[in-house]
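What follows is a single structure, written as structure tokens, with notes after it.
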Amino acid sequence: MESAALAEVAAGAAIPFAVLRLVTDTPASPISPLAIHAARALSERGVRRAGGTARLVLEAARDPARAFSFVRASRNWCALLRRGWRTYAAQAL
């Protein structure tokens with residue numbers, strides 16, 4: 001859904017456009033509250049961003065093991081996404 005507007009602009013400018021998606025939450029494994037706080041913090045600006053970052057740090061401090069697990073999973077998601085892009089690039093050549 002978020003990619004539709006980008007694809008439309010790219011098509012209008014005759015720029016090749018591709019989207020690779022990675023599903024990070026499922027009914028069996030819902031998104032972590034830490035991820036929600038991180039997304040909110042990253043979407044804010046100025047002083048509000050500082051408040052969002054503080055809430056993120058507090059959430060991580062409440063349950064360090066869960067925070068570590070989220071960070072580890074995030075690194076795995078990034079690795080999978082990189083692998084997907086490399087595979088796509090190799091096929092496009």
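The values are calculated or read from the model by the stated rules, or taken from the named source; none is laboratory data. What you see is a predicted model; the values in this text were computed from it and never measured. Glycine also receives a Cβ, built like all others from the backbone with ideal geometry; neighbour counts cover every protein chain displayed.
Quick notes on this one:
- Pairs meeting the criteria (first residue in the stretch 67-88 and in contact (Cβ under 8 Å) with a residue 12 or more places away in the chain, second residue in a helix (DSSP H, G or I) and of a type outside the set (A, V, I, L, M), beta carbons under 9 Å, at least 6 apart or on different chains) are 67/59.
- Boolean, residue 86 is at pLDDT 85 or above and either exposed (fewer than 14 other Cβ atoms within 10 Å of the Cβ) or among the hydroxyl-bearing types (Ser, Thr, Tyr) (or both): yes
- Considering 53, 26, the condition of being surrounded by fewer than 11 Cβ atoms within 10 Å (Cβ to Cβ) and among the β-branched types (Val, Ile, Thr) is satisfied by 26 alone.
- Residue check, residue 66 among the basic types (Lys, Arg), surrounded by fewer than 12 Cβ atoms within 10 Å (Cβ to Cβ) and modelled with pLDDT of 85 or more: no
- Checking each residue in the stretch 1-23 for being assigned to a loop (DSSP other than H, G, I, E, B) and within 22 Å of residue 89 (Cα to Cα) picks out 13, 14, 15, 16, 17, 18, 19, 20, 21, 22, 23.
- Selection status of residue 19, of a type in the set (Val, Ile, Thr) and over 18 Å from the mean Cα position of the chain (by Cα): no
- Verdict on residue 20 being of a type in the set (A, V, I, L, M, F, W, C), surrounded by 14 or more Cβ atoms within 10 Å (Cβ to Cβ) and in contact (Cβ under 8 Å) with a residue 12 or more places away in the chain: no
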